[in-house]
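The values are calculated or read from the model by the stated rules, or taken from the named source; none is laboratory data. What you are looking at is a predicted structure, and each value in this text was computed from that prediction instead of being measured. Counting neighbours? That spans all protein chains shown, and the Cβs are built from the backbone with ideal geometry, glycine included.
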Amino acid sequence: MGGGLRRLDVLDRIRLGLLAAGLLCAATGLLPLTAAAESLARVAPLLLFLVAVIVLAELAREAQVFDVVATRLAIVGGGSYPALFLLCTAFASLVTIFLNLDTTAVLLTPVMVALARRAGIRPLPLAVTTVWLANTASLVLPVSNLTNLLAMNRFALGTRGFAARMWAPGLTSIAVTMVFLWVFFWRRAERGEERYRPPAVVPVADRLLFTAAVSVCVLFAAAILAGVRIEIAALGAAVAVVAAFAWRDRSKLGWSLIPWRLLVFVTGLFLVVPTLARLGLADVMRAVVGVDGGVSGACRAAAAGAGLSSMVNNLPAYVAAEQVIPPADGTRLLSLLVGVNIGPVVTPWGSLATLLWFEWCRRREVPVPIGRFVVTGAGLAVAALAATVGVLLLTA
């Protein structure tokens, strides 16, 4: 047992400590059992969705779906950096929108970096593309981010209603991100090359498994757009792709597919934050987020969400701040959502996806200049926040 604990990294210890603190709050009565049960009941369907969609994304990666698509895009680009830029930003945005930000940051980044090395491209522009768009492209659909799912639940919006309200702000956020990516990482003066070398076609190890995984991903996206409950759509897709692997390659199936770290973190969070709210956190959040409506209230909520996310991580920032915004005040609630989804591009710990991305880059020796990341991310956050909230208010 002691050896197992020693193998846990710092983040794992923090997650387990958060869960232990939450359970202690419930056990001691700081958080009444009824309140604890209500909080966990709210997040349970969302956790089911997250587990299912992460299993789907992991097995899609094992079936080489991401590798094949990324390589095909580079071949289609034909050595032109502007073409490759448009194709890669579109791919990263679509993966974020339909398979959530963690998939883009954690599963797509290795694919993009491997592609960069095969094509003789510097890896940093592609790596930053995935982590920035993992956050800023996560406003379009509820499935794109756990914060979206929480907002949809509180605001009583369905998938179609959420998409109808957020597609224009979401596309605005993506467009601003693309401008910053090109200026600071992709243009000729930054990349240092005129053209790239189109890579060779990636051979598919199991074409039947690849076809099955692609089909399941397409059906999953179609089910979401058709209005199927997101946890049901994700669970059905996960079961289908697991069945395909059970038939073709059982060696890829195991308990490691279950994102236990995420389950531990979110469960602990939804016990600790309600406890802190009862002990005075709500008053602090009310002072930070404000109580006014209208344009000024929406802008303040967005700025507070971005600032809190860059300081403490977007998920606890949203959970703490949403409690002081009435569900009827939809514009201010969605402004807060814009802030907590865009704000994480500033600091390495702004979102779980960003944190995992930094850790992956460190382990795979992809150098990320931290000063440059923070400064360019801060500029992106300010510009994207202003533009996106502006569009949100104009389309209200």
Given (1) out of contact with any Pro (no Cβ under 7 Å at 6 or more places or on another chain); (2) among the hydroxyl-bearing types (Ser, Thr, Tyr); (3) farther than 29 Å from Ile14 by Cα, index of the condition Tyr318 fails
(3)
Which condition from (1) closer than 16 Å to Ser351 by Cα; (2) surrounded by 22 or more Cβ atoms within 10 Å (Cβ to Cβ) is the one that Ala301 breaks?
(1)
In region 137-179, the residues that are among the β-branched types (Val, Ile, Thr) and in contact with a Pro (Cβ under 9 Å, 6 or more places away or on another chain)
Val140, Thr159
Quick check on my filter: what residues within region 111-151 are more than 16 Å from the chain's Cα centre (by Cα) and assigned to a helix (DSSP H, G or I)?
Val111, Met112, Val113, Ala114, Leu115, Ala116, Arg117, Arg118, Pro123, Leu124, Pro125, Leu126
Apart from one, (1) exposed (fewer than 15 other Cβ atoms within 10 Å of the Cβ); (2) at pLDDT 90 or above; (3) charged (D, E, K, R) all hold for Glu62; the odd one out is (1)
Within region 1-92, considering only helices (runs of 4 or more DSSP H) that don't extend past its boundaries, which have at least 2 residues that are out of contact with any His (no Cβ under 7 Å at 6 or more places or on another chain) and under 30 Å from Phe210 (Cβ atoms)?
33-62, 65-77
The lone exception for Ser256 - which of (1) assigned to a helix (DSSP H, G or I); (2) surrounded by 14 or more Cβ atoms within 10 Å (Cβ to Cβ) it fails:
(2)
Among the numbered conditions (1) hydroxyl-bearing (Ser, Thr, Tyr); (2) free of Cβ contacts under 8 Å to residues at least 12 places away in the same chain; (3) under 30 Å from Val324 (Cα atoms), tell me where Ser256 comes up short.
(3)
When region 204-218 is checked residue by residue, the ones that are β-branched (Val, Ile, Thr) and in contact (Cβ under 8 Å) with a residue 40 or more places away in the chain are Val204, Val214, Val216
Any residue in region 259-269 that is at pLDDT 85 or above and charged (D, E, K, R)?
no
I'd like to check something: does region 160-174 contain any residue that is within 30 Å of Leu47 (Cα to Cα), aromatic (Phe, Trp, Tyr) and under 20 Å from the mean Cα position of the chain (by Cα)?
yes
Quick check on region 180-194: of everything there that is assigned to a helix (DSSP H, G or I) and free of Cβ contacts under 8 Å to residues at least 40 places away in the same chain, which residue is farthest from Ala387 (Cα to Cα)?
Ala189
Taking Phe162 and the conditions (1) in contact with a helix residue (DSSP H, G or I) (Cβ under 6 Å, 6 or more places away or on another chain); (2) under 26 Å from Arg61 (Cα atoms), which numbered condition does it fall short on, given that it satisfies the others?
(2)
Pick from region 373-396 the residues that are more than 19 Å from Trp167 (Cα to Cα) and without any contact (Cβ under 8 Å) to a residue 12 or more places away in the chain: which of them is surrounded by the fewest Cβ atoms within 10 Å (Cβ to Cβ)?
Val375
Odd one out for Val239, checked against (1) of a type in the set (A, V, I, L, M, F, W, C); (2) over 22 Å from the mean Cα position of the chain (by Cα); (3) closer than 29 Å to Val389 by Cβ; (4) surrounded by fewer than 18 Cβ atoms within 10 Å (Cβ to Cβ)
(3)
Within region 14-39, the count of residues that are at pLDDT 85 or above and within 24 Å of Leu355 (Cβ to Cβ) comes to 9
Of (1) touching a residue at least 24 places away in the same chain (Cβ under 8 Å); (2) surrounded by 21 or more Cβ atoms within 10 Å (Cβ to Cβ); (3) farther than 30 Å from Pro327 by Cβ; (4) among the aliphatic types (A, V, I, L, M), Ile54 satisfies every one except (3)
